Amino acid sequence: MRTFQEQRHYEAATPKSRALHQQADQYLAGGETRTSAFWSPYPVTIARGQGCHVWDVDGNDRIDFVNNFTTLVHGHNHPTVLKVIQEQLSQGTSFFGPSEPQLKLAKLLCERVPSVERIRFTSSGTEATMNCVRAARAFTGRTKIAKCEGGYHGTHEALAVSVQPSSLAVLGRAERPNQVPADVGLPQSVIENVVVLPYNNTEAARQLLTEHHKELAAVFLEPMLGSGGMIPADPEYLAMLRSVTSKYGILLVFDEVITFQVATGGAQEWYNIKPDMTAFGKIIGGGLAAGAFGGRKDVMAVYEHQQGPAPLNHAGTFNGHPLAMAAGIATFQMLTPAAHERLNALGDRLRQQVQQLCNELETPAQVTGLGPLFGIHFTRQPVRSYRDVLTVGTQFRHEVFLGLLNEGVFLYPTMLGSLSTAITEKEVDTLTAALRRVLVRLTR
Ligand SMILES: Cc1ncc(COP(=O)(O)O)c(C=O)c1O
């Protein structure tokens with residue numbers, strides 16, 4: 001591999017981004033404000049987006065396969081979404097009290113997702129999963145939470161265990177993974193309350209759940225590991241989780257912050273599994289900050305105002321933000337079954353083309369994903385869990401990522417991506433052609 005060849009080209013093409021990053025270093029801790037959106041040597045500063053394109057401050061135009069990490073399902077600046085935001089904006093920005101758009105989006109989501117009988121809004125996916133933890137504990141009276149190795153559920157502490165450790169050495173046995181704190185300073189009491197399940201290992205996970213069933217309030221998982229690699233769950237794994245949790249009165253919580261876009265009713269519709277609770281985020285705010293969580297009526301009754309205050313508090317200054325609710329409604333109105341079908345067909349085309357290309361160039365690769373969501377993993381090993389992703393050579397992956405930026409194609413730094421309805425077959429073909437040039441440059 002030609003080390004740093006792509007990085008040199010990247011630096012030469014992005015001097016303004018480099019200068020802005022150096023300035024940012026003097027004010028923002030770490031020079032940025034979203035850990036996952038930093039990459040070495042510095043991220044590009046984005047000036048604007050339109051449709052499926054983004055432009056950085058140096059004027060480089062790139063096709064956007066990140067879409068604010070799976071959020072902008074209709075691309076940037078969709079005129080219908082902009083129009084409803086402007087209309088709502090003319091009424092004011094935010095209020096101390098409910099607004100009609102909140103009710104409309106709640107109805108729309110409950111109608112799309114039969115498992116969600118009652119819902120509440122937050123400002124982020126992090127708050128959505130955090131409130132699912134609190135509701136599950138309040139409802140069951142139990143404390144422990146089981147989650148999958150490689151699963152990311154936001155930045156609160158309760159699920160910050162075995163998220164995406166950077167080395168295989170710390171993970172422990174595959175059937176009985178170690179509880180690896182995601183961050184420095186995580187209290188031991190938090191770590192002890194998390195049971196880590198091996199992803200896609202049905203029998204080992206069943207065994208762990210059976211052992212801990214008396215203490216478990218909930219099992220959390222993304223029905224397809226998202227930032228852990230866009231790795232779909234085996235249907236039998238999900239079926240086992242559903243049956244074991246039902247048997248022991250443990251709540252099954254799907255984190256659909258990323259996966260909601262694979263079908264009208266999300267991944268739970270795709271797999272035909274009904275969880276007890278669901279966390280939402282990203283696309284539901286139409287590009288503005290929003291999250292939501294909901295589920296069974298009896299579980300969500302912890303928020304009911306009966307004779308006095310509700311048993312569980314869920315406040316938030318910007319919960320159900322009217323601008324985000326309006327943008328979310330417009331987004332879903334355009335996300336018809338036909339739109340899903342088209343996005344999913346494009347996703348299949350991308351996965352097939354990229355896999356074929358890597359086979360032809362003899363670059364070991366596994367292309368994963370579901371619907372419009374995809375992951376490209378440079379490894380010979382079939383990718384079924386986060387452990388498999390750790391077999392990828394990170395230096396090579398980073399060079400490919402920078403190489404694609406140099407070619408005018410924007411993917412997430414670990415080679416994940418999503419499609420938007422602004423993308424056509426032409427852009428998918430452009431991605432494949434760009435990847436061919438990058439792989440040839442790096443390997444020949
Ligand atoms: C599956 C999943 N859950 C939760 C979150 C947290 O959402 P937010 O970044 O809106 O807090 C993310 C963010 O990427 C996510 O991918």
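The values are calculated or read from the model by the stated rules, or taken from the named source; none is laboratory data. Predicted model, so just to flag it, every value in this text is computed and none were measured. Using ideal geometry, Cβ is built from the backbone for each residue, glycine included, and neighbour counts are taken over all protein chains shown. The accessibility values were calculated without ligands, DNA or RNA, using every heavy atom of the protein model including side chains. Shrake-Rupley method; radii C 1.70, N 1.55, O 1.52, S 1.80 Å.
Show me the ranking of peptides 306-312, 242-248 by mean Cβ neighbours inside 10 Å, starting with the highest. Provide the component values of the computation, followed by the final result.
Numbers: 306-312: 9.9, 242-248: 16.0.
The most tightly packed comes first, giving 242-248, 306-312.
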### Message
Only four residue types carry charge here, +1 at the Cβ of Lys and Arg and -1 at the Cβ of Asp and Glu. Report the dipole size of the stretch 116-187 about the Cα centre in Debye, rounded to the nearest 20.
### Response
320
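Rounded to a whole number, what % of the accessible area of the stretch 35-165 do carbon and sulfur atoms account for, probe 1.4 Å?
Numbers: 3150 of 5850 Å².
The value for the stretch 35-165 is 54 percent carbon and sulfur by accessible area.
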### Query
Could you give the nm distance between label points at GLU192 and PHE4, where each point is 7 Å from its Cα heading toward the beta carbon?
4.8
### Max mean-square fluctuation residue, GNM over the chain, Cα-Cα springs under 10 Å, options ALA218, ALA263, ALA169
ALA169
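Out of the total accessible area of the stretch 228-356 (probe 1.4 Å, heavy atoms of protein only), what percent is carbon and sulfur?
On the way: 2510 of 4710 Å².
Whole-percent figure for carbon plus sulfur exposure: 53.
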### Query
Once fully extended, how much extra length lies between THR35 and GLU360, figured as 0.36 nm per residue of separation less the alpha-carbon to alpha-carbon distance?
113.5 nm
### Message
How high is the relative contact order of the chain? Use alpha-carbon pairs under 8 Å, at least six apart in sequence, and give a whole percent.
### Response
22
### Contour excess over end-to-end distance, with Cα ends at GLU111 and TYR27 and 0.36 nm allotted per residue
25.7 nm
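Calculated from DSSP H runs of 4 or more alone, at -39500 (n - 2.57) each and per residue, what is the 222 nm mean residue ellipticity of the chain, nearest 500? Numbers along the way, then the final one.
Values: 16 runs with 177 residues, N = 444.
Here the helix-only value at 222 nm equals -12000 deg cm²/dmol.
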### Message
Sort 206-216, 227-237 by the packing proxy (mean of other Cβ within 10 Å over each peptide's residues), most packed first.
### Response
227-237, 206-216
### Model label zone, TYR248; criterion: amide N under 13 Å from point 7 Å along Cα-to-beta-carbon; scope the stretch 177-214
194-198, 204-214
### Query
Antiparallel as a % of all DSSP beta bridges within the stretch 79-334, to the nearest 5?
50
### Query
Looking at SER124, GLY97, GLY151, which one has the Cα that reaches farthest to the positive end of the dipole of the stretch 92-170 (charges on Cβ: Lys, Arg +1; Asp, Glu -1)?
GLY97
### Query
Considering the dipole of the stretch 270-414 built from charges on the beta carbon (Lys and Arg +1, Asp and Glu -1) around the Cα centre, which of ASN359, ALA315, MET277 is farthest to its positive end?
MET277
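Percent relative contact order of the stretch 374-425, based on C-alpha pairs within less than 8 angstrom and at least six residues apart?
Numbers: 36 pairs, mean separation 18.9, N = 52.
In percent, rounded to a whole number, it is 36.
Determine how many Å³ per residue the convex hull of the Cα atoms of the stretch 79-334 encloses.
Numbers: hull volume 33.4 nm³, N = 256.
Per-residue hull volume (Cα only) is 131 Å³.
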### Message
Among LEU197, LEU405, LEU20, which one shows the highest mean-square fluctuation when the chain is modelled as a Gaussian network with alpha-carbon springs under 10 Å?
### Response
LEU20
#### Entry: Cα centre as origin, Lys/Arg/Asp/Glu Cβ charges: the chain dipole, Debye
220
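Of all DSSP beta bridges in the chain, what percent run antiparallel (nearest 5)?
On the way: 30 of 47 bridges.
Approximately 65 percent, going by the DSSP bridge assignments.
Which whole-number percent is the relative contact order of the stretch 79-334 (Cα, under 8 Å, 6+ apart)?
Details: 516 pairs, mean separation 74.6, N = 256.
Worked out over the stretch 79-334, it gives 29 percent.
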### Task
Could you give the size of the charge dipole of the stretch 79-334 about its Cα centre, using +1 on the Cβ of each K and R and -1 on the Cβ of each D and E, expressed in debye and rounded to the nearest 20?
360
### Query
Over the chain, with a single point scatterer placed on each C-alpha, what log10 of the ratio I(q)/I(0) does the Debye formula yield at q = 0.06, 0.09 1/Å?
-0.25, -0.58
